[in-house]
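Peer 1: For reference, the structure I am asking about is given below.
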Amino acid sequence: MNFTYQAKTSTGGFIEGTIDAPSEEQAILLLQQKELFVLSLLPKDGNVLKIDLLSFFQRPTRKDVVVFTRQLATLIDADVPLLEALSILGRQSEKESFRKIIATIVASVQGGATLSVAFADHERVFNPFYTSLLRVGEISGKMQETLNYLADYLERSAGLNSKIKGAIFYPTFVLSALVVVAIIMMTTVIPQLLTVIKESGATELPLPTKMLIATSNFFQHYWAIIIVAVVLLVIGTYHYIRTERGRYVWDSFKLSMPKFGNIIRALYLARIAETLATLVHSSVPILESLQITADVVGNEVYKRILMEAHQNVQSGGTLSATLAEYPEFPKLVSSMISTGERTGRIDAMLNNVLKFYRTEAEDNVQNLSQLVEPILILILGVGIGLLVAAILLPIYSLINTV
């Protein structure tokens, strides 16, 4: 079986090529016998589509990273050597893609790379915030504390994201089911009922019935065009959002949405405050902290503001003065940061901002889930009422004329 590999030589050089071996373990052993430190090893033969699909469906999730980080901190706290701890976690990982990533990290560390540099090679799994804190842990010698904090940070973020998804899932599911049922009824059930009404000799139909007939006819004659239009709209929107301009427009729209916009704004403010507070508390320079926070915030609007703040601070300005110019940052945030700048306790002020907006986001999510249910009931009631009226009113009229 052929494998393609990337490796470092004993002198620190980089080499890549192919090797023939009966298994992956044998291939690694052969390369190590040549005094090479394996960075990556992938099978060359086989179905490429299958490999890509497996990698896609088995990509490491946030939960995988949280569990890995927590377990790594526990093993290091138990005085297990770093490489051995990484190897243990790699072997017990259920996802092959994650096992390969950990194996690559082990190989990089064996080749002389620091842990933060080895993790930085996998930025899609371990973001700049993660690797920056690892670097702080290496410098301070408090790797176990750093890993525990990272796990706590990721767990808090995942917990809040889970609450939001839970609040959104129910209304999304109900509305999607409603749309599917409506389409099925418009194309199959309603036409048969309306045919009966027409054949009964009814001439003057109520307005709801006329609207129902027109809608049903539209779906029956143009269903293919509707499906194509929806698919093209989804594809076009997806590609537009992937552009820089599209991301900015989409992120601006999310912040301006009624109800949801307040929740999203509070989430981003909490994330910015927590990330900045952690980096500043870990003695990461403020300019680097702003750059990292901008990279991991996940919103193009806030990213541009933070990069503007980065430039102003670099030119001798203050962070609070820049943030005060933008409505996306409430006066509370800029005022507390200004206090922190004057007192030299900016990390403590940011932690206060974090607590406030995290609580606000959680409260808003809870209130949203309570508000959504009556709105859904109202929508369903109106829809069913119009449908019943459109069918029963002409039948009632026929009965009266008999």
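The values are calculated or read from the model by the stated rules, or taken from the named source; none is laboratory data. Here the structure is a predicted model, which means the values were calculated and not measured. Don't worry about glycine lacking a Cβ; one is built from the backbone with ideal geometry, like all the others, and counts go over all protein chains shown.
Peer 1: Out of ALA118, ALA107, I need the residue that is touching a strand residue (DSSP E or B) at 6+ places or on another chain (Cβ under 8 Å), within 22 Å of ASP79 (Cα to Cα) and not polar (S, T, N, Q). Which one? Give the derivation first.
Peer 2: Details: ALA118 fails: touching a strand residue (DSSP E or B) at 6+ places or on another chain (Cβ under 8 Å).
Answer to the check: ALA107.
Peer 1: Looking at the structure I just gave you, is SER132 modelled with pLDDT of 85 or more, under 20 Å from GLN291 (Cβ atoms) and not aromatic (Phe, Trp, Tyr)?
Peer 2: Working: modelled with pLDDT of 85 or more: no; under 20 Å from GLN291 (Cβ atoms): yes; not aromatic (Phe, Trp, Tyr): yes.
No, not satisfied.
Peer 1: Would you point out the residue of the stretch 309-358, among those that are over 16 Å from THR293 (Cα atoms) and aliphatic (A, V, I, L, M), that is surrounded by the fewest Cβ atoms within 10 Å (Cβ to Cβ)?
Peer 2: Top of the filtered list is LEU332.
Peer 1: Could you tell me which numbered condition SER216 fails, if it satisfies all but one of (1) more than 30 Å from PRO374 (Cα to Cα); (2) in contact with a Pro (Cβ under 6 Å, 6 or more places away or on another chain)?
Peer 2: (1)
Peer 1: For the stretch 163-183, indicate whether the set of residues that are surrounded by 13 or more Cβ atoms within 10 Å (Cβ to Cβ) and closer than 30 Å to THR74 by Cβ is non-empty.
Peer 2: yes
Peer 1: Mind checking which pairs have a first residue in the stretch 72-101 that is over 22 Å from MET143 (Cα atoms) and a second that is of a type in the set (D, E, K, R), Cβ under 7 Å, 6 or more apart or different chains?
Peer 2: What qualifies is LYS95/ASP64; SER97/ARG59.
Peer 1: Shifting gears a bit: Here are TYR248, TYR238: which of them is assigned by TED's automatic domain parsing to the domain that holds GLY298 and in contact with an Asp or Glu (Cβ under 6 Å, 6 or more places away or on another chain)? It would help to see each step written out before you state the result.
Peer 2: Values: TYR238 fails: in contact with an Asp or Glu (Cβ under 6 Å, 6 or more places away or on another chain).
Going through TYR248, TYR238 in turn, just one is assigned by TED's automatic domain parsing to the domain that holds GLY298 and in contact with an Asp or Glu (Cβ under 6 Å, 6 or more places away or on another chain): TYR248.
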